[in-house]
Amino acid sequence: MPGENILLAGETTKSWKLLLGMRILAFMATLAAAIVMALNKETKTLVVATIGTIPIKATLTAKFQHTPAFVFFVIANVMVSFHNLLMIALQIFSRKLEYKGFHILSVAILDMLNATLVSAAANSAAFMAELGKNGNKHAKWNKICDRFATYCDHGGGALIAAFAGVILMLLISVVSISRLLISSNKFSTDAASPSI
Amino acid sequence: MKLTQRLGGLVLRFAAFCAALGAVIAMITSRERSSFFVLSLVAKYSDLAAFKYFVIANAIVTVYSFLVLFLPKESLLWKFVVVLDLMVTMLLTSSLSAAVAVAQVGKRGNANAGWLPICGQVPRFCDQITGALIAGLVALVLYVFLLIFSIHSVVDPFLLRKS
């Protein structure tokens, strides 16, 4: 089918380059977020109580596994960066492969689903981090950032990278949907107007 | 074919509108006072930032669904509705996951951070919050279906329509 391969095979149009660039950025951002959060750990020896004049010290550790929201954050960011890697490989090697119409549709749908996944992960980690930073007077939950400052800083850095990934995934989804629109319009004009 | 498609989309959107509205109402009306000797604590949804965000996000989704219900069939804005549907779905999942994360801390506590669970003192509040979160989940699932449905009906990737 000649109409199929006009847009798709051997193309280096602007939208293709833009999509590839954004996917590489999103892959790096989500991978960085996952790695920084996974290596987030701080151990501190704190004075817990004082009996007479002898202070009792305890060694406390702040790890990311203590909070389920952060575990979800790491897993979701790994999944989204793997998705981006797969799509980059697909985009680079697809110039030689045969195309079927279902291909672009599944790329668009997968992009949208992964965009929602990474937005959920980033947001839940952001709210848990806010709870750890400010505490909550009504529920009598103390803040932990004053004692574990490095843990909080690294977590904040991972969150920033994840939010950059969210914005990039949203843009990638929009570009994928517009490519879907363009290709379906091209097919319908080719099919509607008889070629010979 | 077109009529059943449009009808299906309307039914899904109306159901999502109802679910989001139910989530907002359930969370706003959750308020419980519990007395603990001489202390009495009032638990409301606005104590926690994640619940406030949940209410705001679901209110936005309710208004958006209501407005899109009345969009005429021939309008060119349907292509824009696909992108807006994606943004609204992202809003829904982020608000739901934040509220669930915070509610889980409220229910189980976090032993490592020294945070005690609060559900033992205000059980009815906790139950209502759970109901609101379930309604939010239903709205989210319906919106994911709507997203795939919008792509199918607006973009027509299988070229079922003869133009």
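List of remarks:
- Residue match in the range B:1-19 (condition: within 14 Å of chain A (Cβ to nearest Cβ) and surrounded by 14 or more Cβ atoms within 10 Å (Cβ to Cβ)): no
- Residue match in the range B:47-62 (condition: part of a helix (DSSP H, G or I), among the aromatic types (Phe, Trp, Tyr), modelled with pLDDT of 90 or more and under 14 Å from B:Phe149 (Cβ atoms)): no
- Looking only at residues in the range A:116-139 that are more than 7 Å from chain B (Cβ to nearest Cβ) and not in a helix (DSSP H, G or I), the one that is modelled with the highest pLDDT is A:Gly135.
- From the list A:Leu113, A:Leu90, the lone residue that is touching a residue at least 12 places away in the same chain (Cβ under 8 Å), part of a helix (DSSP H, G or I) and of a type in the set (A, V, I, L, M, F, W, C) is A:Leu90.
- Count of residues meeting criterion [in contact (Cβ under 8 Å) with a residue 40 or more places away in the chain and over 28 Å from A:Phe70 (Cβ atoms)] in the range B:59-108: 11
- Any hit, the range B:116-124, residues being in contact with a His (Cβ under 6 Å, 6 or more places away or on another chain) and without any contact (Cβ under 8 Å) to a residue 40 or more places away in the chain: no
- For the range A:133-151, a residue qualifies if it is over 29 Å from B:Cys126 (Cα atoms) and either free of Cβ contacts under 8 Å to residues at least 12 places away in the same chain or surrounded by fewer than 19 Cβ atoms within 10 Å (Cβ to Cβ) (or both), and the qualifying residues are A:Asp146, A:Arg147, A:Ala149, A:Thr150.
- Qualifying positions in the range B:32-91 - surrounded by 15 or more Cβ atoms within 10 Å (Cβ to Cβ), within 11 Å of another protein chain (Cβ to nearest Cβ), farther than 27 Å from A:Val175 by Cα and small (Gly, Ala, Ser): B:Ala43, B:Ala49, B:Ala50
- In the set (1) within 22 Å of B:Cys18 (Cβ to Cβ); (2) part of a helix (DSSP H, G or I), B:Val105 fails one condition alone, (1).
- Within the range A:40-87, tally of residues that are within 11 Å of chain B (Cβ to nearest Cβ) and either among the acidic types (Asp, Glu) or loosely packed, with under 12 Cβ neighbours inside 10 Å (or both): 1
- Output for the range B:12-68, where each listed residue is under 23 Å from A:Asn136 (Cα atoms) and aromatic (Phe, Trp, Tyr): B:Phe36, B:Phe37, B:Tyr45, B:Phe51, B:Tyr53, B:Phe54
- A:His103 falls short of the stated requirement of being of a type outside the set (Ser, Thr, Tyr) and at the interface with chain B (Cβ under 7 Å from one of its Cβ atoms).
- Filter result (of a type in the set (Gly, Ala, Ser) and either over 17 Å from the mean Cα position of the chain (by Cα) or not in a helix (DSSP H, G or I) (or both)) within the range A:24-82: A:Ala49, A:Gly52, A:Ala58, A:Ala62
- Residue in the range B:114-126 that is facing chain A (nearest Cβ under 7 Å) and not in a loop (DSSP other than H, G, I, E, B) present: yes
The values are calculated or read from the model by the stated rules, or taken from the named source; none is laboratory data. Given the structure is predicted, the values throughout are model-derived calculations rather than measurements. Reconstructed Cβ throughout: ideal geometry from the backbone, glycine too, with neighbour counts over all protein chains shown.
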